[in-house]
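All remarks here apply to the structure that follows.
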């Protein structure tokens, strides 16, 4: 009887994991460049129940009579890299990628070590020194992995689809558009950044750089709310199973066999 209690427990844990992911997606519904996450689940390996030494089928025969599932196992989470909708801002340094690829930014940790992180969030701005950075002060890199520095006094700045930056009709830099052969070798770093892990193969990005627009989160609030309702109902169903087993165990332990 306790097997059902355990099965319901695994169901509760799985639905809680799904709810955590959905709420994080909803919390980032207005985050520039956010890529929604999803979850997977899988059944525990089936356990066969057998009849041993059953004379009706022969003493040396082991005959399966069915299988018993032990509940659900939380699988791996995954990221949906699909492109999100564009929002027009008309700000020259607000950039979006149409197609595959990522912007490359220089990240400095608390110990002063630098590394390259990748993102689709292109809400950039210029510092007083003319460096192109994001809202956290991370430097946008060019095709040579160098920081991009522009003339802050120039008002005539244009960025074409190839990421070339022109000031006063002269090319001064080119924004790096990086990509990877297999996104399974990327892991999330914060809400909108990714970093490669061992086995990642860098390739040239084919996405076009669009100036004056931003790529928003690739999720539908309505769809996520519908999924949240479904998860809530599944969680409540497992709760009722646990309560039912609790009541049955109470009767078995405290009432059956009681001497009146």
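For the stretch 194-212, name all the residues that are touching a helix residue (DSSP H, G or I) at 6+ places or on another chain (Cβ under 9 Å) and under 16 Å from residue 97 (Cβ atoms).
Let us first name the residues in the stretch 194-212 that are touching a helix residue (DSSP H, G or I) at 6+ places or on another chain (Cβ under 9 Å), namely 194, 196-201.
Across the stretch 194-212, the qualifying residue is only 194.
Can we say residue 199 is assigned by TED's automatic domain parsing to the domain that holds residue 116 and either closer than 30 Å to residue 14 by Cβ or without any contact (Cβ under 8 Å) to a residue 12 or more places away in the chain (or both)?
Values: assigned by TED's automatic domain parsing to the domain that holds residue 116: yes; either closer than 30 Å to residue 14 by Cβ or without any contact (Cβ under 8 Å) to a residue 12 or more places away in the chain (or both): yes.
Against the criterion (assigned by TED's automatic domain parsing to the domain that holds residue 116 and either closer than 30 Å to residue 14 by Cβ or without any contact (Cβ under 8 Å) to a residue 12 or more places away in the chain (or both)), residue 199 qualifies.
Looking only at the stretch 171-190, which residues are within 15 Å of the chain's Cα centre (by Cα) and more than 15 Å from residue 138 (Cα to Cα)? I'd like the intermediate steps shown before the answer.
Start the filter on the stretch 171-190 by keeping residues that are within 15 Å of the chain's Cα centre (by Cα), which leaves 183-190.
Passing the criteria: 183, 184, 185, 186, 187, 188.
All but one of (1) in contact with a helix residue (DSSP H, G or I) (Cβ under 7 Å, 6 or more places away or on another chain); (2) outside the structural domain of residue 28 (by TED's automatic domain parsing) hold for residue 138, so report the exception by its number.
(1)
If you check residue 101 against the conditions, is it in contact with a strand residue (DSSP E or B) (Cβ under 8 Å, 6 or more places away or on another chain), at positive phi and either surrounded by 14 or more Cβ atoms within 10 Å (Cβ to Cβ) or modelled with pLDDT of 95 or more (or both)? Don't jump to the end; show me each part of the working.
Values: in contact with a strand residue (DSSP E or B) (Cβ under 8 Å, 6 or more places away or on another chain): yes; at positive phi: yes; either surrounded by 14 or more Cβ atoms within 10 Å (Cβ to Cβ) or modelled with pLDDT of 95 or more (or both): yes.
So residue 101 fits the description; yes.
Which members of the stretch 167-177 meet the condition of being surrounded by 16 or more Cβ atoms within 10 Å (Cβ to Cβ) and in a loop (DSSP other than H, G, I, E, B)? Can you show your working first?
Of the stretch 167-177, the ones surrounded by 16 or more Cβ atoms within 10 Å (Cβ to Cβ) are 167, 172-177.
Answer for the stretch 167-177, where residues must be surrounded by 16 or more Cβ atoms within 10 Å (Cβ to Cβ) and in a loop (DSSP other than H, G, I, E, B): just 176.
Conditions tested, residue by residue: (1) out of contact with any strand residue (DSSP E or B) (no Cβ under 8 Å at 6 or more places or on another chain); (2) modelled with pLDDT of 95 or more; (3) part of a strand (DSSP E or B).
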{"site": "135", "(1), (2), (3)": "no, no, no"}
{"site": "140", "(1), (2), (3)": "no, yes, yes"}
{"site": "151", "(1), (2), (3)": "no, no, no"}
{"site": "154", "(1), (2), (3)": "no, no, no"}
{"site": "161", "(1), (2), (3)": "no, yes, no"}
{"site": "165", "(1), (2), (3)": "no, yes, yes"}
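Mind telling me which of the residues 112, 84 ends up being over 23 Å from residue 156 (Cβ atoms), in contact (Cβ under 8 Å) with a residue 12 or more places away in the chain and part of a loop (DSSP other than H, G, I, E, B)? Working first, answer last.
Working: 112 fails: in contact (Cβ under 8 Å) with a residue 12 or more places away in the chain.
From the options 112, 84, the qualifying one is 84.
So residue 92 clears everything in (1) modelled with pLDDT of 80 or more; (2) touching a strand residue (DSSP E or B) at 6+ places or on another chain (Cβ under 7 Å); (3) assigned to a loop (DSSP other than H, G, I, E, B); (4) assigned by TED's automatic domain parsing to the domain that holds residue 239 except one condition, right? Which one?
If we test residue 92 against (1) modelled with pLDDT of 80 or more; (2) touching a strand residue (DSSP E or B) at 6+ places or on another chain (Cβ under 7 Å); (3) assigned to a loop (DSSP other than H, G, I, E, B); (4) assigned by TED's automatic domain parsing to the domain that holds residue 239, just (4) comes out false.
The values are calculated or read from the model by the stated rules, or taken from the named source; none is laboratory data. All of these numbers come straight from a predicted model, not from anything done at the bench. Glycine also receives a Cβ, built like all others from the backbone with ideal geometry; neighbour counts cover every protein chain displayed.
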